[in-house]
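Structure, as structure tokens:
The values are calculated or read from the model by the stated rules, or taken from the named source; none is laboratory data. A quick note: this is a predicted structure, and the numbers were derived from the prediction, not measured. Cβ placement follows ideal geometry from the backbone for every residue including glycine, while neighbour counts extend to all protein chains displayed.
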Amino acid sequence: MRARDLAVGYRTVSVDSDALEAARLMAEHGLPGLLVLDERGEPKAILPASQMVKLLVPSYVVDDPTLAAVVDEKHADRLCQALAGRRVGDCLSGGAEPPPIADPDDTALEVAALMARVRSPLVAVAERVRVGRERRTTRLLGVITASHLLHELLGVTGPSTTG
């Protein structure tokens, strides 16, 4: 099984997308993260849902988790306001790594190894294509999520022997 066969269409956002809308997209579709595209439509970063949650929690609570118990529900309900007026690019950690990108011909094991090495909930599948004589660009074919990869790998191994 090759990466091109495992890749599926996936919701993406741009660095200029509204952060609150991106958080809603993750929540409504149960996504582990979003693939962030740059101005040219090329994969730029992975924005994990956990990073969005971290942005909602005030830094003083992250520094001292015991303070979370004293924040009343009225204030907790306003946590999402932390994303208001922000762009997705603002939510990427300062040194956001480029997203893991698998070649369309990579095997399922190569994709799994890449995912494990970079600890990413998803891997973009893209191919480099020539644009003109000098320039190359990346054409996104789809995304492979960790859960989809597990599903496919478990399907290949056959029925469970436990139980």
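Structure notes:
- Listed by position, the helices (runs of 4 or more DSSP H) inside the range 1-80 whose residues that are touching a Leu at 6+ places or on another chain (Cβ under 7 Å) and of a type in the set (D, E, K, R) number at least 1 are 3-6.
- Residues satisfying the stated conditions in the range 119-163, i.e. part of a strand (DSSP E or B) and modelled with pLDDT of 90 or more: L122, V123, A124, V125, A126, E127, L140, L141, G142, V143, I144, T145
- For the range 87-104, a residue qualifies if it is closer than 20 Å to A22 by Cα, aliphatic (A, V, I, L, M) and not in a loop (DSSP other than H, G, I, E, B), and exactly one does: V88.
- All told, A116 falls short of being in a helix (DSSP H, G or I) and in contact (Cβ under 8 Å) with a residue 60 or more places away in the chain.
- Contacts under 7 angstrom Cβ, first residue in the range 56-73 being over 25 Å from V88 (Cβ atoms), partner modelled with pLDDT under 80 and of a type in the set (V, I, T), 6 or more apart: none
- Within the range 10-62, being over 27 Å from R128 (Cβ atoms) and β-branched (V, I, T) holds for V53, V57, V61, V62.
- Scanning the range 106-152 for residues being in contact with a helix residue (DSSP H, G or I) (Cβ under 7 Å, 6 or more places away or on another chain) and exposed (fewer than 12 other Cβ atoms within 10 Å of the Cβ) gives a total of 0.
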